[in-house]
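The values are calculated or read from the model by the stated rules, or taken from the named source; none is laboratory data. Please read all numbers here as calculations on a predicted model, not as lab measurements. All Cβ positions, glycine included, derive from the backbone under ideal geometry; neighbour counts span all protein chains shown. These accessible areas exclude ligands, DNA and RNA; they are computed on the full protein's heavy atoms, side chains included. Shrake-Rupley method; radii C 1.70, N 1.55, O 1.52, S 1.80 Å.
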Amino acid sequence: MTTPTRQAAALVALGAALLAASYPPFRLPVVSFLAVAPAVVLLRRFEREGDARGALRWGFWYGFVTQGAVLYWLVVALWHFTPLSALGYLATIVLFGVWHALLFWLVVRVRLRLPLMPLAIVFPVVWTAVEWAVGHQGDIRFPWLGLGSSLTDAAVLVQWADLAGARGVTLWLAWCNVMLVEALPGSREQGAGSSTLRWRPVAAVLATVLCAWAYGVWRERTLPIREVGTVGLIQPNEGFREKWDPRHADSVVAKLVTMSRDLEARGPLDLMIWPEAAIPGYLRPAWDSAVARSARESRTPILTGGIYAEDRPDGSYEYFNAAFYFDSSGAWRRYPVYEKRYLVPVVERVPFVPARLMQGVPGIGHWSGGFGRGRSLPLYPSTLGRFGVAICYESAFEELARAYRRAGADFLVNITNDAWYGRTAGPYQHASHLVMRAIETRAGIARAAKCGSPAAMIPFST
């Protein structure tokens, strides 16, 4: 292995370590400002050598390895659905590798064609554009943890996402990474023999950090917040296989009802939230009656996840990962059922294949998903205000939260099943998306997961 190859491989490995450390469960906000610096160093080398082909090749390995380090938990998560989980994980990071290859190639090509265009402009714009594209590639979109989301552990610095969104924070962090690399001794602008640190780029970064901090402090102090009531969160802490064992289905629902009654005994609630797929399958009549009775006797509305089947005109049906809203009288049929709109690739929907074709394949539940894609955005009434629902990784899609706010939602509810992540970084990464959604929309968010504190009463503010 030649010295340049060793250096490139070392930068790829360093990039993987820094990017992984910038995200939860680690709480190292300073790392966000260095997380993609190795990529900038690599790009400067390929630009200097005029090697767009080398940029394409090493860009692939950079994306493959760095995203492989961040998304390692996919192997654990997908194992619940298929023994071919490693292949699903591999396909995901290969796709990220392709996007990074295009990113590296485009940055180098632009810089070679337009040398007067600073890298501090080209790199942040292209990086942010690729991040956007990953979240808009049809059935295989996967906008998991943009660079901007890495800074949610220092929420005061991302309060300006209410103006520019998570992508705006990504653009800023990418720019900061470039500027800090430009400040290093030996940067091209100083000449090859220079060994002094350039302070102007560092000062520029610090100035923008100070501005972000000042805006965040001001926004947090002046943002009008009012406490509107109390939300109950039920998190039953059930294992993935236990949850879907038909022999335990009735006991799963009975446990949810019991936990709800125990929580209600501690004080009045305005809304009770059960997690994603809390009902282990379709809403059977006995389960329907049990949930309705619990809501009616306590006079507390219940939002619960479950599976919903909808008949088609041709006599067939389509089923959805859904949420049901039982009002305080125990009725749910007077309200539209929320049908999940953004489905996890492969797990919930086979990419680019109509769901109705997959639903007729024997054993499909063991290999992949045949869920239909929802289209509506129902808002549910409560004494706390009207709210919209996001199921599981829909929290990663900023357009859904914004659409609810435009429709008149006062707050949002996220229900999820994090049991399939196991003891990995997945649940921590998942929850971080909601920090951005709350800031972007300036809406309160209540979240109930399958795992966590068994039951909690949360004073809720909007």
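Between residues in the range 130-145 that are on the phi > 0 side of the Ramachandran plot and residues that are part of a helix (DSSP H, G or I) and surrounded by 17 or more Cβ atoms within 10 Å (Cβ to Cβ), which pairs lie under 7 Å by C-beta distance while being six or more apart or on different chains? If the second residue must be part of a helix (DSSP H, G or I) and surrounded by 17 or more Cβ atoms within 10 Å (Cβ to Cβ), the pairs left are LEU145/VAL70; LEU145/GLN429. If you go through the range 197-211 and pick out every residue that is at pLDDT below 95 and open to solvent by 80 Å² or more (accessible area, probe 1.4 Å), you end up with 2.
Of all the residues that make up the range 435-453, how many are among the hydrophobic types (A, V, I, L, M, F, W, C) and open to solvent by less than 20 Å² (accessible area, probe 1.4 Å)?
Residues in the range 435-453 being among the hydrophobic types (A, V, I, L, M, F, W, C) and open to solvent by less than 20 Å² (accessible area, probe 1.4 Å): 6 in total.
Only one of the numbered conditions (1) in contact (Cβ under 8 Å) with a residue 24 or more places away in the chain; (2) buried (at least 20 other Cβ atoms within 10 Å of the Cβ); (3) more than 18 Å from the chain's Cα centre (by Cα) is not met by LEU102, and that is (2). In summary, helices (runs of 4 or more DSSP H) completely within the range 311-421 and bearing 1 or more residues that are under 26 Å from LEU78 (Cβ atoms) and modelled with pLDDT of 95 or more occur at 398-407. A count restricted to the range 212-221 and to residues that are open to solvent by 70 Å² or more (accessible area, probe 1.4 Å) and of a type outside the set (A, V, I, L, M, F, W, C) stands at 2. Within the range 23-44, being within 17 Å of GLU182 (Cα to Cα) and open to solvent by 40 Å² or more (accessible area, probe 1.4 Å) holds for LEU34, VAL41. Taking the numbered list (1) more than 16 Å from ARG442 (Cα to Cα); (2) open to solvent by 50 Å² or more (accessible area, probe 1.4 Å); (3) part of a loop (DSSP other than H, G, I, E, B) in turn, ILE225 passes all entries but (1). Contact map, the range 155-167: first residue in contact (Cβ under 8 Å) with a residue 24 or more places away in the chain and open to solvent by less than 20 Å² (accessible area, probe 1.4 Å), second residue assigned to a loop (DSSP other than H, G, I, E, B) and of a type outside the set (D, E, K, R), Cβ cut-off under 8 Å, separation 6 or more or different chains; pairs are ALA166/GLY146.
Restricting attention to helices (runs of 4 or more DSSP H) lying wholly within the range 232-303, give those where 3 or more residues are modelled with pLDDT of 90 or more and surrounded by fewer than 19 Cβ atoms within 10 Å (Cβ to Cβ). If you could, list the steps in order and put the result at the bottom.
On the way: elements: 240-243, 249-264, 285-298.
It comes to 249-264, 285-298.
For TRP144, are the conditions met, namely being part of a helix (DSSP H, G or I) and either of a type outside the set (D, E, K, R) or buried (at least 18 other Cβ atoms within 10 Å of the Cβ) (or both)? Answer is no for this residue. Residues in the range 168-196 that are modelled with pLDDT under 95, under 25 Å from PHE104 (Cα atoms) and either open to solvent by 10 Å² or more (accessible area, probe 1.4 Å) or not aliphatic (A, V, I, L, M) (or both): GLU182, LEU184, PRO185, GLY186, SER187, ARG188, GLU189, GLN190, GLY191, ALA192.
The residues of the range 229-256 that are under 16 Å from SER453 (Cα atoms) and either touching a residue at least 24 places away in the same chain (Cβ under 8 Å) or of a type in the set (Ser, Thr, Tyr) (or both), listed by number, are VAL231, GLY232, LEU233, ILE234, GLN235, PRO236, ASN237, GLU238, GLY239, LEU256.
The set of residues from the range 304-331 being open to solvent by 10 Å² or more (accessible area, probe 1.4 Å) and among the hydrophobic types (A, V, I, L, M, F, W, C) comprises ILE307, ALA309, ALA331. A search for C-beta distances below 6 Å between a residue of the range 69-86 that is modelled with pLDDT of 70 or more and any residue that is among the β-branched types (Val, Ile, Thr) and not in a helix (DSSP H, G or I), counting only pairs 6+ apart in sequence or on different chains, returns TRP73/THR424; VAL76/THR424.
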